[in-house]
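Taking it in order: structure first as structure tokens, then the write-up.
The values are calculated or read from the model by the stated rules, or taken from the named source; none is laboratory data. In this text, all values refer to a predicted model and were calculated from it rather than measured experimentally. Neighbour counts are summed over all protein chains in view; Cβ atoms, including those assigned to glycine, are modelled from backbone coordinates with ideal geometry.
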Amino acid sequence: MTPLTQTADVAIPELKPMQQRLLVAGAAGGVLSLVGALLDTTQFLQSYLMAYMFWLGVTLGCLALGMIHQLSGGAWGVLIRRPIGAASRALPLLTLLFLPIALGLSRIYPWMNADLVAHDEVLQHKHVYLNAPFFLARAAIYFIVWNVISFFLNAWSLEQDRTGDFRFARRMQLLSGGGLVAYGVTITFASFDWMMSLEPHWFSTIYGVIIMGGQGLSALAFLTIALVWLSRRAPLDRIVVPAHFHDLGNLMLAFVMLWAYFSFSQYLIIWSGNLPAEIAWYLHRMETGWRPVAVALMLFHFAAPFVVLLSRTVKRQPELLVKVAAAVLVVRIVDLWWLIGPEFHTGGIAISWMDVVLPLTIGALWLVVFVSQLRGRAILPIHDPEFDEALGRIIERGAPPRTAH
Amino acid sequence: MKTPPTVYGLMAEFDDPASVVAAAERAHREGYRCLDAYSPFPIEELTEAMGGEHTRLPLIVLIGGIVGCVGGYALEYWTQVVAYPLNIGGKPFHSWPAFIPVTFECTILVAALSAVLGMLALNGLPQPYHPVFNVPRFALASRNRFFLCVEARDPLFDLERTRRFLETLSPREVSTVAD
């Protein structure tokens, strides 16, 4: 019987070959992407921004869910704590991967175009905020904030594992309180900078919140898939029960509704006001060839997952729930494609092979880091204050007790 | 000779939650279906132990939600398009985005009301009299004792045989519940 204190590396031998395969896939995708970058740099950067925002969303969503769990407690977060930690430790990689965007600013952001700005009074006023040095300085601040939060949470979590000292739990709670506020502020500005400024005339204050809701949903869908995968292997196979999946399914349902609520709020306000400066953004996305994508998002980003996730049966059966989670990840990418794409292809839907290759490539590299980080620690946070609550009933029923203490 | 009072069921008393869960499981496996368990605090496993009987409440709430959704939209449509059409900001009378908030609120309202009323209808509350209180020790169910009651309406119920079965579950004591 595998004791729970073993590192995942020892407990789950499949992880190592998996990491190697992912690295090969990432390298192959990297070569393909490089070819794409040389063939059509602008299309490359557009697809890259979409893929980057998606994987950044999974990472930051995991970080934020981890912080929420530190504050709220509850059994739902204990089994996914280690995947959450491993995902948040992919932040240094994402910091590095921001480089192509930083180098390609002038190709994707209209406010970088000096000619355009010279003839546009609004952009001249916005130049105080939307200029390259300030843009990069802000990006640096976001990355510092995210990396620092992630670094300390992970370091303290490791210390807690080693010592079993509950003082670390207290420290993680304190940092999470401030960390969530910092996350809210930074992701709002980051989404303004990196995505909203693609259409520099347009503004919406709820935009950052829509992105945040999407990140939470992406993270939950990813964590659901990770937990299903882990639950089919020792040691989690004797620990995970349908109730654990039920919790994740319910949270996914909540985030689906949250995303719909934020997105619709933005639409309703802009639609009611009907002001030229504000509706342009929607006209580009709904009165052009992009309209079917908008309709598909209403159906498959909200209606379908909402109805499916109402079912108790679906939420308690990992084989079904994992399919819903995978579909959610796909519509998350479609949502980002719809938010970014119309700025580059105003006429109508345009999909490039890079829109498929880049999310997969960054995904493979991201997963290499995720798996390698997962391998280094025990698969369960034995000394988490909520640990007994999350697993209590199984231990009571005669499953082997934890080997720690 | 006095006529014996009619029997509501038999009640076994336990010291800890694990025993009452185990007992409920055994009784369910034995074939008893009209079971109820009483404890000072909620025990999640108990419902499952007694067969995890699914109620019709989710269905009632779903129907309530659909009625609220359709009703809310219909109300908006009828007032805005049929009964009292107003030109608001030059928008069409049938402006669906504006109808969504009311539709949403009505969905939640009717679903929540059906949940509360459906729950009361299904569990029969409020109930001023219940036979289990005829057992004097039952008062301890709100303190530190756990009870499992096999009701007499169960087809397998037999005063003697059921009592003997309950004795095998090592309870503190088994009492007959008068109706």
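Screening segment A:205-224 for residues that are among the hydroxyl-bearing types (Ser, Thr, Tyr) and in a helix (DSSP H, G or I) and picking the one that is surrounded by the most Cβ atoms within 10 Å (Cβ to Cβ) gives A:218. Let me confirm something: among B:112, B:98, which residue is part of a helix (DSSP H, G or I), touching a Ser or Thr at 6+ places or on another chain (Cβ under 9 Å) and within 30 Å of residue A:265 (Cβ to Cβ)? Criteria check complete, one pass: B:98.
Condition check ((1) closer than 21 Å to residue A:366 by Cα; (2) polar (S, T, N, Q)) across all residues:
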| residue | (1), (2) |
| --- | --- |
| A:25 | yes, no |
| A:31 | yes, no |
| A:41 | no, yes |
| A:96 | yes, no |
| A:99 | yes, no |
| A:109 | no, no |
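All of A:17, A:13 fail the test of being part of a helix (DSSP H, G or I) and without any contact (Cβ under 8 Å) to a residue 24 or more places away in the chain, apart from A:17. Of all residues in segment A:225-262, those satisfying the criterion of being among the aromatic types (Phe, Trp, Tyr) and surrounded by 22 or more Cβ atoms within 10 Å (Cβ to Cβ) are A:245, A:255, A:259.
Restricting attention to segment A:243-275, the residues that are more than 29 Å from residue A:58 (Cβ to Cβ) and away from chain B (no Cβ under 14 Å) total 0.
Considered as a group, the residues in segment A:233-244 that are of a type outside the set (A, V, I, L, M) and in contact (Cβ under 8 Å) with a residue 24 or more places away in the chain include one that is nearest to residue A:78 (Cα to Cα), and that residue is A:244.
Okay, residues lined up against (1) modelled with pLDDT under 95; (2) of a type in the set (Asp, Glu):
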residue	(1), (2)
A:110	yes, no
A:115	yes, yes
A:119	yes, no
A:138	no, no
A:142	no, no
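Is segment B:146-155 home to any residue that is basic (Lys, Arg), in contact with a Cys (Cβ under 7 Å, 6 or more places away or on another chain) and outside the structural domain of residue B:62 (by TED's automatic domain parsing)? Within segment B:146-155, one or more residues are basic (Lys, Arg), in contact with a Cys (Cβ under 7 Å, 6 or more places away or on another chain) and outside the structural domain of residue B:62 (by TED's automatic domain parsing). Of the residues in segment A:152-167, at least one is without any contact (Cβ under 8 Å) to a residue 40 or more places away in the chain, over 30 Å from residue A:364 (Cα atoms) and basic (Lys, Arg).
Within segment A:146-169, does at least one residue satisfy the condition of being outside any helix (DSSP H, G or I), surrounded by 17 or more Cβ atoms within 10 Å (Cβ to Cβ) and hydrophobic (A, V, I, L, M, F, W, C)? Within segment A:146-169, not a single residue is outside any helix (DSSP H, G or I), surrounded by 17 or more Cβ atoms within 10 Å (Cβ to Cβ) and hydrophobic (A, V, I, L, M, F, W, C). Pairing residues of segment B:97-108 that are facing another protein chain (nearest Cβ under 7 Å) with residues that are surrounded by fewer than 16 Cβ atoms within 10 Å (Cβ to Cβ), at Cβ distances under 6 Å and at least 6 apart in sequence or on separate chains, gives B:97/A:268. Of all residues in segment B:21-49 being under 19 Å from the mean Cα position of the chain (by Cα), closer than 18 Å to residue B:132 by Cβ and crowded, with 20+ Cβ neighbours inside 10 Å, which is nearest to the other protein chains (Cβ to nearest Cβ)? Out of the qualifying residues, it is B:46. A Cβ distance below 6 Å, combined with a sequence gap of six or more or placement on separate chains, defines the contacts here; from segment B:163-179, residues that are of a type in the set (Gly, Ala, Ser) reach residues that are outside any strand (DSSP E or B) in the pairs B:175/B:135; B:178/B:5; B:178/B:134. Can you name the residue in segment A:93-109 that is touching a Ser or Thr at 6+ places or on another chain (Cβ under 8 Å) and in a helix (DSSP H, G or I) and, of all such residues, is surrounded by the fewest Cβ atoms within 10 Å (Cβ to Cβ)? Per the criteria, the residue is A:107. For segment B:61-90, the candidate set comprises residues that are within 14 Å of chain A (Cβ to nearest Cβ) and outside any helix (DSSP H, G or I); within that set, the residue that is surrounded by the most Cβ atoms within 10 Å (Cβ to Cβ) is B:88. Condition check for residue B:93 on (1) assigned to a loop (DSSP other than H, G, I, E, B); (2) within 14 Å of chain A (Cβ to nearest Cβ): one failure, at (2). The residues on offer are B:153, B:137, and the sole one that is assigned to a helix (DSSP H, G or I) and over 26 Å from residue A:267 (Cβ atoms) is B:137. Pull out all pairs, ordered by first then second residue, where Cβ-Cβ is under 6 Å, the residues are six or more apart or on different chains, the first lies in segment B:76-93 and is under 19 Å from residue A:274 (Cα atoms), and the second is of a type in the set (S, T, N, Q). Every condition considered, the pairs that remain are B:93/B:80.
With the structure loaded, tell me whether residue A:82 is at pLDDT below 95 and either in contact with a strand residue (DSSP E or B) (Cβ under 8 Å, 6 or more places away or on another chain) or of a type in the set (Lys, Arg) (or both) or whether it fails that test. Yes.
Suppose the filter is surrounded by 21 or more Cβ atoms within 10 Å (Cβ to Cβ), among the aliphatic types (A, V, I, L, M) and over 13 Å from the mean Cα position of the chain (by Cα); does residue A:84 pass it? Taking the combined requirement at face value, the residue does not satisfy it.
Would you confirm whether or not segment B:19-27 contains a residue that is without any contact (Cβ under 8 Å) to a residue 40 or more places away in the chain, out of contact with any strand residue (DSSP E or B) (no Cβ under 6 Å at 6 or more places or on another chain), under 28 Å from residue B:150 (Cβ atoms) and part of a helix (DSSP H, G or I)? Yes, the conditions are met somewhere in segment B:19-27. Of everything in segment B:32-60 that is among the β-branched types (Val, Ile, Thr) and assigned to a helix (DSSP H, G or I), the residue that is modelled with the highest pLDDT is B:60.
Among the residues of segment B:115-136, those identified as touching a helix residue (DSSP H, G or I) at 6+ places or on another chain (Cβ under 7 Å) and under 25 Å from residue B:67 (Cβ atoms) are B:115, B:118, B:119, B:122. Quick check, is residue A:237 modelled with pLDDT under 95, within 14 Å of chain B (Cβ to nearest Cβ) and in a helix (DSSP H, G or I)? No: the conditions fail for residue A:237. Per the conditions (1) farther than 24 Å from residue A:123 by Cβ; (2) at pLDDT 95 or above; (3) more than 13 Å from the chain's Cα centre (by Cα), the sole criterion not satisfied by residue A:192 is (1).
Conditions tested, residue by residue: (1) of a type in the set (A, V, I, L, M, F, W, C); (2) over 24 Å from residue A:191 (Cβ atoms); (3) within 14 Å of chain B (Cβ to nearest Cβ).
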position	(1), (2), (3)
A:285	no, no, no
A:296	yes, no, no
A:303	yes, yes, yes
A:322	yes, yes, no
A:337	yes, no, no
